[in-house]
Each structure stands twice: as structure tokens, then as C-alpha cells.
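Contents: one structure, followed by commentary.
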Amino acid sequence: MSSRNSHSVLDLQSLTREQVGRIFSIADGYAGSDVSRLATKGCGKTGALLFFEASTRTRLSFETACARLGVHPLRLDGKAGTSLEKGETLEDTVLNVAAMNPDFLVIRCGDDLDLAALSSQVSMPILNAGWGKKGHPTQALLDAYTVRKYLGTCEKQKILIVGDVRHSRVAASHFELAKVLGYEVALCGPAEFLPEKPSVPVFSSLQEGLSWATVAMALRVQLERHETSYSLKDYRAAYGFTVENLKKLSAKALIMHPGPINQGTEMDSEVLQDPRCKVLPQVTSGVLIRQALIQLNCLEETL
Ligand code: CP
């Protein structure tokens, strides 16, 4: 699944539709069986979960996936208490953890770490748990799995991604996965939030985009990454997922957000109660997808 280490998951470009189908059917098995409970016995494997950037959903879902599979997790959460505080580099940290021979590495990091180069230096698979602006493949997979669960298939769905696409690794991974699974992606948002040269259609009006979409996905406004300030009030009025703005979205469509949500900016709290809203089911899917990826790529090594 990656050019450097055949069992690593750094991006989704080289995946086939059949491979994604296999991940989804393993996840289905975990959803519907007792295996989804915590394993009572360890499987004798270890996975190092290295989170150099903040995370709630991804970190804890990988940890839950490890617990359900009987994998012992080795955790590194941020710099505090590690030798990063003494000036050790991120790369050296990863190589030192890899020298302890865990069965796989799960890494969340910024663009300053080259996961592709690291994957050719270590012997175990690396699972990308959110890598700078490059990609968040497990998030796109869990989103697609959620779409398939509620709409029956991903093929030919029309996913409108609204908001801060320019800084979004989630959007980057959806551009890749859309080609694999055959769904359409379009964008909507203020010009300064969109890619300078979008590779997919852009709707200038949220209402037009919502009329087109079978899935409406809001992204977190990453104000910490913008150089110019932007009025959050104006953003909410034009692009926010408010009860009023979502009236144009079909009753059968899904409302999604990868989280964390800035409530009252890109999504109002009332929208979380909308029956079309699948934000929490996305999180549940995340555990199943990560369980399936660990099982296939890190334990069985057969994907
Ligand atoms: N969606 C997502 O990656 O959330 P976290 O940053 O909380 O892991």
C-alpha cells in the first residue's frame, strides 16, 4: 500500500477497490461479532503509537483497536516526558522506537517528518495516523466505510467537502480514495480556504453544493494555520452547517465531519441531533477500520 514498505499505509493512491473491499469486510466482521469486545488474552504483538501532534479520536481508536486485537500498545503522546524535550529529533525518536522491534508503528506528525523515507529505514509497517497536510488515510477509509454503511455503496456518491480544504489532510486523502472507489468530490468555501488550483469542481454557493450532494462533509476551520484573520461570523453565515443552511440538503443525504468540531463555526450543535448526522458513527467506524488495517497489514501481512 506504500511504495517503500509494502505493508505500510502512508497514502491511498496504490490501493485497489478490491483491497478496500477486503478492509471493509474485515471491519464488518468486527462490527457484528464478539471479536469487537476487548481481547482477554494478548496475541504477543506490540504496536508503537507515536502521536507527535494532538489527537483524541485517532489515538484512542488505534488504542481501542489494539485492545480488541490483544496487541500491546507502546504509547508516546507529545513531547512531554520524552527525550524530544532534550533535543532528540523526531526521526531519531522513531528510529529508536523501531529498534525495539514493535510489530508496527502508528504515527501522527507534521510535514516536518518524512514518513515515506522512514518507511524504507524500518522493517515494520508504518500506519499514517495523520501526516501534516499530506494525508489522513485511515480517516478517509472510515468516512467511506460510514457512507457505505448508511447509503449502501460509495460508488457514484457525491461528496461535498466544505471549508478549510487547503489545510486538510482529510480532503487530500479523499481526493485519492474517490478515484479508487468511484465517488465524486466537490468543494465549497471561501477562496482563501480552497486549493489555489482545485483538481475537483468547486461550488461558489453552499446552497447549490448541498442541492448536488449525497454527503455533506464539513471540515474544521484551522484558524491557527491561516495567515490572515477571517470573520467566523461571516463564515458561519455563508458556509456553516446550520439548521437553516442545511434545508437544501436531501433528507436521504448524510452530514459528516471528521472532528474535532468548532461548534457554532463550521457546524452548529443542533445539527449533531439531525438524524442525517453521522459524526459519532464515523468515530465508531474508525475503531473497526483501524482494527481491520492492523489485522491485515500488521498481523497477517496478507493485504
Ligand atoms: N479526525 C481526527 O483525526 O481527530 P483527532 O485529531 O482527534 O484524532
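The values are calculated or read from the model by the stated rules, or taken from the named source; none is laboratory data. It should be emphasised that the depicted structure is a prediction, and the values quoted were computed from it without experimental measurement. Using ideal geometry, Cβ is built from the backbone for each residue, glycine included, and neighbour counts are taken over all protein chains shown. Keep in mind that these areas ignore ligands, DNA and RNA; they rest on the heavy atoms of the full protein, side chains included. Shrake-Rupley method; radii C 1.70, N 1.55, O 1.52, S 1.80 Å.
Listing for the model above:
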quantity	calculated
Paramagnetic label zone (point 7 Å from Cα along Cα-to-C-beta, Ser204; backbone N under 19 Å) in the stretch 175-192	186-192
Subset of Lys197/Lys248; Lys158/Lys248; Lys41/Lys149 violating a 23 Å alpha-carbon distance limit	Lys197/Lys248; Lys41/Lys149
Integer Hz, Karplus 6.51/-1.76/1.60 couplings in order for the stretch 247-259, x for Gly and Pro	5, 7, 7, 3, 5, 8, 6, 10, 10, 9, 7, x, x
³J(HN,Hα), Karplus 6.51/-1.76/1.60, whole Hz, each residue of the stretch 172-180, x for Gly, Pro	4, 6, 5, 4, 6, 5, 4, 5, 6
0 to 90° range, to nearest 10: angle between helix 17-31 axis and the chain longest Cα axis	80 degrees
Amide hydrogen neighbours beyond the local backbone of Cys277, cut-off 5 Å, H modeled	Ile255
For the stretch 164-303: accessible area per residue (Å², 1.4 Å)	44 Å²
Label-reachable residues, the stretch 36-78, where backbone N falls under 13 Å from a point 7 Å from Asn101's Cα toward its Cβ	45-46
In degrees, nearest ten, helix 279-293 long axis to first principal axis of the chain (Cα)	30 degrees
Accessible carbon and sulfur surface of the chain relative to its total accessible area, %, 1.4 Å	49 percent
For the stretch 130-140, Karplus couplings with θ = phi - 60° (6.51, -1.76, 1.60), whole Hz, Gly/Pro x	x, 10, x, 9, 6, x, 9, x, 5, 5, 4
Efficiency of FRET from Cβ geometry, Ala251 and Thr89, R₀ 45 Å, rounded to 0.05	0.30
